[in-house]
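Accompanying notes for the structure given below.
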Number of protein chains: 2
Amino acid sequence: MLIRRKIMQYNDMSKEELLVLKESLNKEYAEAKAKGLALDMSRGKPSAKQLDVSLGLLDTINSSSDLKSLDGTDCRNYGVLDGIPEAKKLMADMMGTTPDHVIVYGNASLNIMYDQISRAYTHGILGNTPWCKLDKVKFLCPVPGYDRHFAITERFGIEMINIPMSESGPDMGMVEEYVSKDASVKGIWCVPKYSNPQGYTYSEETVKRMAALKPAAEDFRIFWDNAYVIHDLYDDNKDEIADIISECEKAGNPDMVFEFASTSKVSFPGSGIAALATSANNIADIKKQLTIQTIGHDKLNQLRHVRFFKDINGLKEHMRKHAEFIRPKFEAVESVLEEELSGLGIGSWTEPKGGYFISFDAMDGCAKAIVAKCKEAGVKLTGAGATFPYGKDPKDSNIRIAPSFPTPEEMKQAADLFVLCVKLVSVEKLLENK
Amino acid sequence: MLIRRKIMQYNDMSKEELLVLKESLNKEYAEAKAKGLALDMSRGKPSAKQLDVSLGLLDTINSSSDLKSLDGTDCRNYGVLDGIPEAKKLMADMMGTTPDHVIVYGNASLNIMYDQISRAYTHGILGNTPWCKLDKVKFLCPVPGYDRHFAITERFGIEMINIPMSESGPDMGMVEEYVSKDASVKGIWCVPKYSNPQGYTYSEETVKRMAALKPAAEDFRIFWDNAYVIHDLYDDNKDEIADIISECEKAGNPDMVFEFASTSKVSFPGSGIAALATSANNIADIKKQLTIQTIGHDKLNQLRHVRFFKDINGLKEHMRKHAEFIRPKFEAVESVLEEELSGLGIGSWTEPKGGYFISFDAMDGCAKAIVAKCKEAGVKLTGAGATFPYGKDPKDSNIRIAPSFPTPEEMKQAADLFVLCVKLVSVEKLLENK
């Protein structure tokens, strides 16, 4: 049985073979359950040890430090809406753009994204009709994608349209069709490098086609969440993403993109700095609100980050240390998946070169049951469906695996349980039709 | 002349006397202008020396510190939407309420206020119609008041209605009339203790009447900006403000108030922590959005604050140190005003026991000219009109003086110039009608 399991596709098995297999898997599952695991693979969260590599950040400023920014601003006091110059430079370099395109915000890029949507809804973009006054606003959502993106657009009653992802990015034919023909399509959510959850990086052609879109709506915007722009796992095998800001400029669409990034998974989640990059027109439009909305963001924390990382090279060097923690976890999962599921025809998965996730596609109709089975035995996964708008995966097939938080050993245990659940649920599914 | 100036009301002077006085004042002004002053009394901004007393905050956590909150949360990582328990407790004690009423936010209470209005506009409050779907939304604005409050409501197209302030707070008869009869009145801006700019503290009766309002609109809310709740200038002569949250509960209006506070003028402006206090119903309503809007606020900075101040007693002790810096500046201004303007009938002013401002009322029609004259000679004041909605002071009379930033010596210089400008502009005004 053990040998056949590796070489025979489940689908080719007879009912009898499946029943025998099911019994043996059920036994394994009962044993696994008895171990009382309590592991969390649900969110892209760094481990405590990984966070330790950023501890020096807390020593960069203290009561004896010079607390002035390069332009002489006392970072302790009021003032500065768009970030101290050196923080703008650091975040610009991270995104591959220039400081004049950048506003440095507080601790969460999610908050910046929410703000862009909220402002478009209440006040409109660059003089266009506020979205709250329109009958219908639509967003394109490459799927599978990031649940928190979809939650923002859902919150504002924006209709979300699924766009299939491939290894080179979203289906650009579909994107071009929607964007050029439907003026109610106002935006698209993108995670261009090491996409969440598949870890795909948009090809140069995809980026260029994205920048060259001819939107029916003047206020159509690309929401370019460059969350994993420097989050490579391999030093000698990394993806590159073209600078969307300059590509949009070249294509005559300078105002068409809002780019987001943060140090949440670089320094400390929740205590990092986040930034927006966009055109001068958009920045002027945004500042009109920002000056009413806040007294400015935490400049001391900006100073802390700049003094710790120094420059883009410091950032990259720091990310190499992170990779040493995360890489073994990805590899632990991938090796279990390969070992246990390869050739069985009951699942496929991605092997990203960066980012925080592995995407797993089970047989249609199995994802929810697999996640439930894992949970029952103490392994928490991201809810099935979460990677799709409205939490609805039409095929009930995609599962997001977030390997960063557990230790590599725990990750191996969790992956062992995961593949067991995949097998068990797949057998049960196949038996339904025998 | 010098003696008469002190005892004779300008209004009682003859045209000839005024012309002589004008000539002498003009000479003084020319001399003052020649000094080339460059002083800023425009915003309530602590001085660098005053900020030094908070420097220890930066030493409270470093790379060797225990970075867990009392409930064991690793403050470096993701998680916690409403603040770590000890920060909730500290901010609750500061506002005079309990931690279950509190959400701790990021660095700016202004941002929390903006958020409340923005959410009411886009999604409504507790199931009520979003304000963007209503024809008319109105806010009551006690005047003079805080320009940044008015800027938020103006931004959302909310009609602002002036309510006169007195030493005991807003005219409650007017407030009760508007709130009980007009369902489009959705809120009132309040700075209940050491109000901006007058430094008045609402009386106990005012607070009780406020809490007992019978609003025509279910989603009417009191925006209670308790910005100066612990910002006393005198240890033995301070105002007290009743707890609006419990007063609203007692009056059967538990959901009627949003209270705001921050440590912006306690620790570092821009790098402090801010909080909202409100009912359990409102908190649940707000969290529905907050979970979509952000990954949480900076918990390390919350930890920094709790470890530095320890508790409410630590906060109060710290504020005594602040008072030592600010008090002499208030007194310098007040003594120049008293010395130079008392008895002239050309201006009146407040003498607050706390907060950041002195409010000056010039003769009608003189405020803009006084501010312009000061600016011309190098002293920047808050723009005349700024203390009223839409920047329109109907009497062109109110000027906000912010004495906190300059040194006491500079403050004296600035005040000397200010009174000179008041005199000069008043004389010119009186001459118009002679």
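Which residues, taken from the stretch A:273-306, are closer than 21 Å to residue B:77 by Cα and more than 9 Å from chain B (Cβ to nearest Cβ)?
Passing the criteria: A:273, A:274, A:275, A:302, A:303, A:304, A:305, A:306.
On the given criteria, is residue A:323 under 24 Å from the mean Cα position of the chain (by Cα) and either within 14 Å of chain B (Cβ to nearest Cβ) or buried (at least 24 other Cβ atoms within 10 Å of the Cβ) (or both)?
Against the criterion (under 24 Å from the mean Cα position of the chain (by Cα) and either within 14 Å of chain B (Cβ to nearest Cβ) or buried (at least 24 other Cβ atoms within 10 Å of the Cβ) (or both)), residue A:323 does not qualify.
Out of B:429, B:375, B:380, B:434, I need the residue that is in a strand (DSSP E or B) and either more than 22 Å from residue B:163 (Cα to Cα) or assigned by TED's automatic domain parsing to the domain that holds residue B:165 (or both). Which one?
Exactly one residue qualifies, and that residue is B:380.
Which members of the stretch A:119-149 meet the condition of being of a type in the set (Gly, Ala, Ser) and either farther than 21 Å from residue A:278 by Cα or not in a helix (DSSP H, G or I) (or both)?
If we filter the stretch A:119-149 for residues that are of a type in the set (Gly, Ala, Ser), which is where we start, we get A:120, A:124, A:127, A:145.
Across the stretch A:119-149, the qualifying residues are A:124, A:127, A:145.
Tally time: how many residues in the stretch B:106-163 are of a type in the set (S, T, N, Q) and within 8 Å of chain A (Cβ to nearest Cβ)?
4
Tally up the residues in the stretch A:49-67 that are in contact (Cβ under 8 Å) with a residue 12 or more places away in the chain and either within 7 Å of another protein chain (Cβ to nearest Cβ) or not polar (S, T, N, Q) (or both), please.
8
Quick one: residue A:381 ticks every box in (1) more than 25 Å from residue A:146 (Cβ to Cβ); (2) under 20 Å from the mean Cα position of the chain (by Cα) bar one, so which box is it?
Checking residue A:381 against (1) more than 25 Å from residue A:146 (Cβ to Cβ); (2) under 20 Å from the mean Cα position of the chain (by Cα), the one that fails is (1).
For residue A:175, state whether it is of a type in the set (A, V, I, L, M) and either in contact (Cβ under 8 Å) with a residue 40 or more places away in the chain or within 14 Å of chain B (Cβ to nearest Cβ) (or both).
No.
Of all residues in the stretch B:6-38 being of a type in the set (Ser, Thr, Tyr) and under 33 Å from the mean Cα position of the chain (by Cα), which is nearest to residue B:410 (Cα to Cα)?
B:29
I'd like to verify a number: residues in the stretch A:56-103 that are assigned by TED's automatic domain parsing to the domain that holds residue A:284, assigned to a helix (DSSP H, G or I) and closer than 12 Å to residue A:305 by Cα, how many?
6
If I filter the stretch B:249-257 for residues that are small (Gly, Ala, Ser), surrounded by fewer than 22 Cβ atoms within 10 Å (Cβ to Cβ), under 23 Å from residue B:69 (Cβ atoms) and modelled with pLDDT of 95 or more, do I get at least one hit?
No.
How about the stretch B:328-348: which of its residues are outside any helix (DSSP H, G or I) and in contact (Cβ under 8 Å) with a residue 40 or more places away in the chain?
Residues satisfying the conditions are B:342, B:343, B:344, B:345, B:346, B:347.
Criterion first (touching a residue at least 24 places away in the same chain (Cβ under 8 Å) and either surrounded by fewer than 19 Cβ atoms within 10 Å (Cβ to Cβ) or under 30 Å from residue B:329 (Cα atoms) (or both)) does residue B:232 satisfy it? Please lay out each step first, then the result.
On the way: touching a residue at least 24 places away in the same chain (Cβ under 8 Å): yes; either surrounded by fewer than 19 Cβ atoms within 10 Å (Cβ to Cβ) or under 30 Å from residue B:329 (Cα atoms) (or both): yes.
Yes, satisfied.
What residue, of A:351, A:409, is modelled with pLDDT under 95 and either surrounded by fewer than 20 Cβ atoms within 10 Å (Cβ to Cβ) or over 30 Å from residue A:138 (Cβ atoms) (or both)?
A:409
Can you tell me which condition residue A:5 does not meet? The list is (1) surrounded by 11 or more Cβ atoms within 10 Å (Cβ to Cβ); (2) at pLDDT 95 or above, and all the others hold.
Only one criterion is unmet by residue A:5, namely (2).
Could you list, in sequence order, the residues of the stretch A:139-155 that are surrounded by fewer than 21 Cβ atoms within 10 Å (Cβ to Cβ) and either hydroxyl-bearing (Ser, Thr, Tyr) or over 18 Å from the mean Cα position of the chain (by Cα) (or both)?
Once the filter is applied, which keeps residues that are surrounded by fewer than 21 Cβ atoms within 10 Å (Cβ to Cβ) and either hydroxyl-bearing (Ser, Thr, Tyr) or over 18 Å from the mean Cα position of the chain (by Cα) (or both), the stretch A:139-155 yields only A:155.
I need every pair where a residue in the stretch A:179-190 that is farther than 22 Å from residue A:114 by Cβ has its Cβ under 7 Å from the Cβ of a residue that is outside any loop (DSSP other than H, G, I, E, B), sequence separation at least 6 or different chains.
A:179/A:185; A:182/A:138
Condition first: in a helix (DSSP H, G or I), of a type in the set (D, E, K, R) and either at pLDDT below 95 or farther than 12 Å from residue A:217 by Cβ (or both). Now tell me which residues in the stretch A:150-192 satisfy that.
Passing the criteria: A:154, A:155, A:176, A:177.
Can you say whether residue A:187 is touching a Lys or Arg at 6+ places or on another chain (Cβ under 6 Å) and crowded, with 24+ Cβ neighbours inside 10 Å, as far as the supplied structure shows?
Here the answer is yes, as residue A:187 does meet what is asked.
Name every residue in the stretch B:354-377 that is buried (at least 24 other Cβ atoms within 10 Å of the Cβ) and of a type in the set (Ser, Thr, Tyr), in order of residue number.
Residue satisfying the conditions is B:356 alone.
Is it the case that some residue within the stretch A:216-225 is crowded, with 23+ Cβ neighbours inside 10 Å, within 14 Å of another protein chain (Cβ to nearest Cβ), of a type outside the set (Val, Ile, Thr) and in contact with a helix residue (DSSP H, G or I) (Cβ under 8 Å, 6 or more places away or on another chain)?
yes
Any chance you could count how many residues in the stretch B:104-118 are polar (S, T, N, Q) and part of a loop (DSSP other than H, G, I, E, B)?
Residues flagged as polar (S, T, N, Q) and part of a loop (DSSP other than H, G, I, E, B) within the stretch B:104-118 amount to 1.
Would you check which residues across the stretch A:256-272 are more than 10 Å from chain B (Cβ to nearest Cβ) and of a type outside the set (S, T, N, Q) and list them?
A:256, A:257, A:258, A:259, A:260, A:261, A:266, listed by residue number.
Looking at (1) surrounded by fewer than 22 Cβ atoms within 10 Å (Cβ to Cβ); (2) more than 27 Å from residue A:178 (Cβ to Cβ); (3) among the small types (Gly, Ala, Ser), which one does residue A:262 not meet, given that it meets all the others?
Among (1) surrounded by fewer than 22 Cβ atoms within 10 Å (Cβ to Cβ); (2) more than 27 Å from residue A:178 (Cβ to Cβ); (3) among the small types (Gly, Ala, Ser), residue A:262 violates only (1).
Tell me which residues, restricted to the stretch B:68-86, are in contact with a Phe, Trp or Tyr (Cβ under 9 Å, 6 or more places away or on another chain) and facing another protein chain (nearest Cβ under 8 Å).
Those that are in contact with a Phe, Trp or Tyr (Cβ under 9 Å, 6 or more places away or on another chain) and facing another protein chain (nearest Cβ under 8 Å): B:75, B:76, B:77.
Could you tell me whether residue A:280 is within 27 Å of residue A:160 (Cα to Cα), of a type in the set (A, V, I, L, M) and at pLDDT 95 or above? Don't jump to the end; show me each part of the working.
On the way: within 27 Å of residue A:160 (Cα to Cα): no; of a type in the set (A, V, I, L, M): yes; at pLDDT 95 or above: yes.
For residue A:280, the condition - within 27 Å of residue A:160 (Cα to Cα), of a type in the set (A, V, I, L, M) and at pLDDT 95 or above - is not met.
In the stretch A:275-291, what residues are crowded, with 17+ Cβ neighbours inside 10 Å and not small (Gly, Ala, Ser)?
Start the filter on the stretch A:275-291 by keeping residues that are crowded, with 17+ Cβ neighbours inside 10 Å, which leaves A:275-279, A:282-283, A:285-286, A:289-290.
Within the stretch A:275-291, A:276, A:278, A:282, A:283, A:285, A:286, A:289, A:290 qualify.
The values are calculated or read from the model by the stated rules, or taken from the named source; none is laboratory data. On a predicted model such as this, the values are computed, not experimentally measured, just so you know. Methodologically, a virtual Cβ is constructed for each residue, glycine included, from the backbone with ideal geometry; neighbour enumeration extends over all protein chains shown.
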